[in-house]
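I have placed the structure first, in the form of structure tokens, so that the comments after it can refer back to it.
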């Protein structure tokens, strides 16, 4: 996953930074901000995305139409702007380089807002919110908080931030390659729990109908994901934020959230 949690103390900084974005198409530090006008003139919003990141950006059956939560949100945003959505696929490691090089106007790929990224890019308002969660068997009643993991065993990818959270909570970690393996170990009773992103669990529950697992606890801090733009893309970022506000008000984002996750993850 692309999420990184922002401590609660930094959320206000993020909000102030986003609020401070200019809505005009006046001069930017690099010159005239034509990010919005160029999109409107061309009639297309070019969007960088992975295309391999289910359920956010992926191809049906591996080779079918590009779809996913982020893809559908991006299409809805483009429609609000009165332009067509055009997707360009790239690996995650190259997706920001493509944005900086002007290969696409924005990125829609569950890009989490972090202090470091705020220094380098423009962002829209968030369209996805999530937390870290502890996933346990549905009949487990002993794990009710992260402190409950002390002395227990969880299944985690050893390179993920979830590994760090689990070990900091006192858990002994059994290393796995990813979510599929970790959830299997929990279901088989070979580990006590796994720590992961809430969206990952909701997608798993929605797609499989599994009722043998539950969320035992979740973090207080939330991650926020938004559209990312080049540093001189303030005008376009603000227009996309306005489009997202409309899509929130008319229920579109809530409907898309329910379609993919069975819950509203847009606010």
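The figures follow:
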{"quantity": "Matching residues in segment 68-91 - criterion: being out of contact with any strand residue (DSSP E or B) (no Cβ under 7 Å at 6 or more places or on another chain) and either surrounded by fewer than 16 Cβ atoms within 10 Å (Cβ to Cβ) or part of a strand (DSSP E or B) (or both)", "calculated": "79, 82, 91"}
{"quantity": "Residues (assigned to a strand (DSSP E or B) and surrounded by fewer than 22 Cβ atoms within 10 Å (Cβ to Cβ)) located in segment 125-143", "calculated": "129, 137"}
{"quantity": "Single residue of 102, 98 found to be over 26 Å from residue 261 (Cα atoms) and outside any loop (DSSP other than H, G, I, E, B)", "calculated": "98"}
{"quantity": "One residue from 116, 122 being more than 30 Å from residue 209 (Cβ to Cβ) and buried (at least 18 other Cβ atoms within 10 Å of the Cβ)", "calculated": "122"}
{"quantity": "Flag if residue 111 is touching a residue at least 40 places away in the same chain (Cβ under 8 Å), in contact with a strand residue (DSSP E or B) (Cβ under 6 Å, 6 or more places away or on another chain), surrounded by 19 or more Cβ atoms within 10 Å (Cβ to Cβ) and more than 21 Å from residue 224 (Cβ to Cβ)", "calculated": "no"}
{"quantity": "Test result for residue 167, more than 30 Å from residue 35 (Cβ to Cβ) and either touching a strand residue (DSSP E or B) at 6+ places or on another chain (Cβ under 8 Å) or not in a loop (DSSP other than H, G, I, E, B) (or both)", "calculated": "yes"}
{"quantity": "Residues that are modelled with pLDDT of 95 or more and over 22 Å from the mean Cα position of the chain (by Cα), drawn from segment 177-216", "calculated": "184, 185, 186, 187, 188, 189, 190, 191, 192, 193, 212, 213"}
{"quantity": "Residue in segment 223-244 that is over 24 Å from residue 109 (Cβ atoms) and outside any strand (DSSP E or B) present", "calculated": "no"}
{"quantity": "Residue count for segment 245-267, restricted to those that are at negative phi and assigned to a loop (DSSP other than H, G, I, E, B)", "calculated": "6"}
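Yes/no per residue for (1) more than 15 Å from residue 55 (Cα to Cα); (2) crowded, with 23+ Cβ neighbours inside 10 Å; (3) in the same structural domain as residue 57 (by TED's automatic domain parsing):
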{"position": "199", "(1), (2), (3)": "no, yes, no"}
{"position": "205", "(1), (2), (3)": "no, no, no"}
{"position": "212", "(1), (2), (3)": "yes, no, no"}
{"position": "235", "(1), (2), (3)": "yes, yes, yes"}
{"position": "252", "(1), (2), (3)": "yes, no, yes"}
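Yes/no per residue for (1) at pLDDT below 95; (2) within 16 Å of the chain's Cα centre (by Cα):
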position: 61; (1), (2): yes, no
position: 71; (1), (2): no, yes
position: 76; (1), (2): no, no
position: 89; (1), (2): no, no
position: 97; (1), (2): no, no
position: 136; (1), (2): no, no
position: 151; (1), (2): no, no
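The values are calculated or read from the model by the stated rules, or taken from the named source; none is laboratory data. Remember, predicted model here, so these are calculated numbers, not experimental data. When we count neighbours, we look across all protein chains shown, and the Cβ atoms used for this are built from the backbone with ideal geometry, even at glycine.
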